[in-house]
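Have a look at the structure below before the remarks.
The values are calculated or read from the model by the stated rules, or taken from the named source; none is laboratory data. Just so it is clear, the structure is predicted and the values come from calculations on it, not from any experiment. Heads up, the Cβs are rebuilt from the backbone with ideal geometry, glycines too, and the neighbour counts pull from every protein chain shown. Surface areas here come from the heavy atoms of the whole protein model, side chains and all, with no ligands, DNA or RNA. Shrake-Rupley method; radii C 1.70, N 1.55, O 1.52, S 1.80 Å.
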Amino acid sequence: MPSSSTTLVFKCTVVPDRKSDIKDLKLSVSDIPMLSCQYIQKGVLFPPPPFSFHDLLLFLNQSLSATLSHFPPLAGRLATDSDGHVHITCNDAGIDFLVAKAPQLSINHILPPGEDVPDCFKDFFTYDNTISYLGHSMPLAAVQVTELMDGVFIGCTMNHAVTDGTSFWHFFNTFAEITKGASKISKSPDFCRNTVFNSQAVLKFPPGGPTVTFATDERLRERILHFSREAILKLKYRANYGCLSTKQAINNTQVLGNLSNGKVNNNNSEISSFQSLCAQLWRSVTRARKLEPTKTTTFRMAVNCRHRLDPKLEAFYFGNAIQSIPTYAEAGELLANDLSWGANLLHKNVVAHDDGTVRRGVADWEEQPRLFPLGNLDGASITMGSSPRFPMYNNDFGWGRPLAVRSGRANKFDGKISAFPGREGNGSVELEVVLAPETMAGLEKDVEIMQYVSEMV
């Protein structure tokens, strides 16, 4: 495919269309560890709009200004007070709005079936390799609009100490909603800081701030694996009723009928569809890595704590409200047992992460403040981020739903997986899989997982 040659043609600052009525927001126990993480980079691909690109830019610029008035922290900057507490100063300083052009790139070129994700997507975002601590001196967010030969990519970059995935996509959805013409937004963010995550604990940083916790120069491959609803239901059945062999589960139409008709119960004793998919990925990546049987493997999942607390946080609480759940198993034991064994380990840890567990996690961090340990230092870890529940394909800016969701270079390392909903919805899932080249080659040959992949983009 042609080289990216994406050219930046315009850059400006967009400020909220009305002054903020919020002064400062203190970073929480869930926000502060993210200061060493790079800015989030996620975006959506569209066919060309039914009006000129120039008009599109006018609409987006105006609606972005209006959207920021509903999310004033994003237009602010970070500041550290004399006690060491980090705050968001909602000073209406604004965010960057960038316009780029890549006229030699077509939608067919950048969505090649059966190939790695093209590097050109990394040029559709700004603030590469920027850690969130730098929000003290630079904008907390940016939007880049890139015009392609026959399409448009809208990429958003956002400080990870200010937002988690829930808040990121809430902003993105609201941006699209206002651009489409909404006079009133459907879901307002909640900026309350009177939560269990509010703390007086201080994390001390070295001069100049922290650095990322993973290597940024390792060779990596990246692919999108698509799993249809039907394939995931079959995985779920295998995980819950491991007596069936893989071949039987795939070919047993009665199994699929039972699942579709709700005969597999939906309760806390049942391994979920997503846990089943994660367990299969854990097995297949572990096998592809050819680890020693006694090597301890880790599957780390980021979970939303908003609904796990009692009382619950507001669904649209703005900020980070996530914790990490690590699950461990020796490589040999994980592979010697069936899918249900690993899936049950994941399931038990997720179900056990209740209000008490969240609060113990907060207390533990307060005793020993620390940064979030992104990376794969031992070569045997997988980190699952994002969520197929995020409304990524709800971003209709006025001419239809996105064709695809893609991310930039940020926070990627061997074993970093991000879960997206499938475009067709209905329970389908896409996994953005980032692995060392030799591990990816082994995964592509792993029949146990590849039989469930309906397409690779």
> Could you give the nm distance between label points at residue 149 and residue 79, where each point is 7 Å from its Cα heading toward the beta carbon?
Replying inline: 5.0 nm
> How much accessible area does residue 364 have with a 1.4 Å probe, in Å² rounded to the nearest 10?
Replying inline: 70 Å²
>> Residue by residue through segment 134-147, what is 3J(HN,Hα) from phi via Karplus (6.51 cos²θ - 1.76 cosθ + 1.60, θ = phi - 60°)? Round to whole Hz and write x for glycine and proline.
In response: 5, x, 5, 10, 9, x, 8, 7, 7, 10, 10, 10, 10, 8
> HN-Hα J couplings of segment 210-219 from phi, Karplus 6.51/-1.76/1.60, θ = phi - 60°, integer Hz, Gly and Pro as x?
Replying inline: x, 10, 5, 9, 9, 6, 9, 10, 7, 6
> Which parts of segment 138-160 would a label at residue 399 reach, counting a residue when its backbone N lies under 19 Å from a point 7 Å out along Cα-to-Cβ?
Replying inline: 144-156
>> Around residue 49, under 12 Å between beta carbons, what's the net of Lys plus Arg minus Asp minus Glu among the other residues?
In response: -3
> Using r as the Cβ-Cβ distance of residue 183 and residue 129, and R0 as 41 Å, what FRET efficiency do you calculate, to the nearest 0.05?
Replying inline: 0.55
> For residue 422, what charge total do you get from the other residues with a beta carbon under 9 Å from its beta carbon, if Lys and Arg give +1 and Asp and Glu give -1?
Replying inline: 0
>> Run the simple label-point estimate for residue 13 and residue 104 please: 7 Å along Cα→C-beta, distance reported in nm.
In response: 3.5 nm
> Amide H to amide H under 5 Å from residue 416: which residues, 5+ apart in sequence or cross-chain, H placed 1.01 Å off N in plane?
Replying inline: 383, 434
>> How large is the accessible surface of residue 241 in square angstrom, using a 1.4 angstrom probe and rounding to the nearest 10?
In response: 100 Å²
> Once the dipole of segment 276-433 is set up with Lys and Arg at +1 and Asp and Glu at -1 on Cβ about the Cα centre, which of 428, 400, 357 lies farthest towards its positive end?
Replying inline: 400
